[in-house]
1. Considering region 20-41 alone, what residues qualify as being without any contact (Cβ under 8 Å) to a residue 60 or more places away in the chain and closer than 21 Å to residue 169 by Cβ?
2. Out of all the residues in region 47-100, which are touching a residue at least 40 places away in the same chain (Cβ under 8 Å), of a type in the set (Phe, Trp, Tyr) and either closer than 28 Å to residue 17 by Cα or assigned to a helix (DSSP H, G or I) (or both)?
3. Could you say whether any residue in region 118-129 is out of contact with any Leu (no Cβ under 9 Å at 6 or more places or on another chain), free of Cβ contacts under 8 Å to residues at least 60 places away in the same chain, open to solvent by 70 Å² or more (accessible area, probe 1.4 Å) and among the acidic types (Asp, Glu)?
4. Search region 2-19 for residues being assigned to a loop (DSSP other than H, G, I, E, B) and at pLDDT 75 or above, and hand back the single one that is most open to solvent (accessible area, probe 1.4 Å).
5. Mind checking which residues of region 27-60 are open to solvent by less than 60 Å² (accessible area, probe 1.4 Å) and of a type in the set (Ser, Thr, Tyr)?
6. Can you find, within region 96-137, the residue that is modelled with the lowest pLDDT among those that are of a type in the set (Val, Ile, Thr) and under 23 Å from residue 5 (Cα atoms)?
7. Select from region 130-157 the residues that are in contact with a helix residue (DSSP H, G or I) (Cβ under 6 Å, 6 or more places away or on another chain), open to solvent by 20 Å² or more (accessible area, probe 1.4 Å) and more than 21 Å from residue 11 (Cα to Cα) and list them in ascending order.
8. Among the candidates 129, 149, which residue alone is aromatic (Phe, Trp, Tyr) and over 18 Å from residue 93 (Cα atoms)?
Amino acid sequence: MQTWIALLRGINVGGHQRLPMQDLRTIFETAGSRNVATYIQSGNVVFNADIDNLAAFGDKIGDAVETGHGFRPDIHLLTANTLRAAIEANPYPEAVSEPQSLHLTILSEAPQPGRIDSAKKALTDTERFTVIGECLYMHAPDGLARSKFAANVARLLDVSATSRNWKTVTKLAAMASQETP
């Protein structure tokens, strides 16, 4: 059994797409997951499961959320090892000391290089980002809330995406390392 992290996009943000974490844990347990734990109220799940088909598992979770709560979130699944590798690949280690300014965005697929170049036009003078495979690292020292790039990253890169600040990323990795398969 492998340790996984699920990142659900847009859960409990601004009073929209309400999903209690106990309900989310139950959805994952019903789908066959074990040792299910959530972190904060924004759709972060660490769990153990044998997953042969990522798309089918994601659809099962999405179907259950839609049936029980009336909306279907984007769901990004990654292994604990993939998250640890993403943390190690961080191109902005100097920003770790201010984890609210550093974000990891998980992309549904690697974006086309032309889309990356075009997206850079949406950055402010203080923002920067780097794409490594299906991970986008963004350093926004003036805050993410004011970032036009961050607000439009999925559209700019033409991929599904969900972002977490560095504090959340490292907490999820710590939780995943405590899971027992």
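The values are calculated or read from the model by the stated rules, or taken from the named source; none is laboratory data. All figures in this text were calculated on a predicted structure; none of them were measured in a lab. Cβ coordinates were reconstructed from backbone atoms using ideal geometry, including for glycine residues, and neighbour counts include every protein chain displayed. Note: accessible area is taken over every heavy atom of the protein model, side chains too, but ligands, DNA and RNA are not part of it. Shrake-Rupley method; radii C 1.70, N 1.55, O 1.52, S 1.80 Å.
1. Within region 20-41, 21, 24, 25, 28, 33, 36, 38, 41 qualify.
2. Of everything in region 47-100, those that are touching a residue at least 40 places away in the same chain (Cβ under 8 Å), of a type in the set (Phe, Trp, Tyr) and either closer than 28 Å to residue 17 by Cα or assigned to a helix (DSSP H, G or I) (or both) turn out to be 47, 71.
3. yes
4. 18
5. Passing the criteria: 33, 38, 39, 42.
6. 96
7. Result: 131, 139, 141, 156.
8. 149
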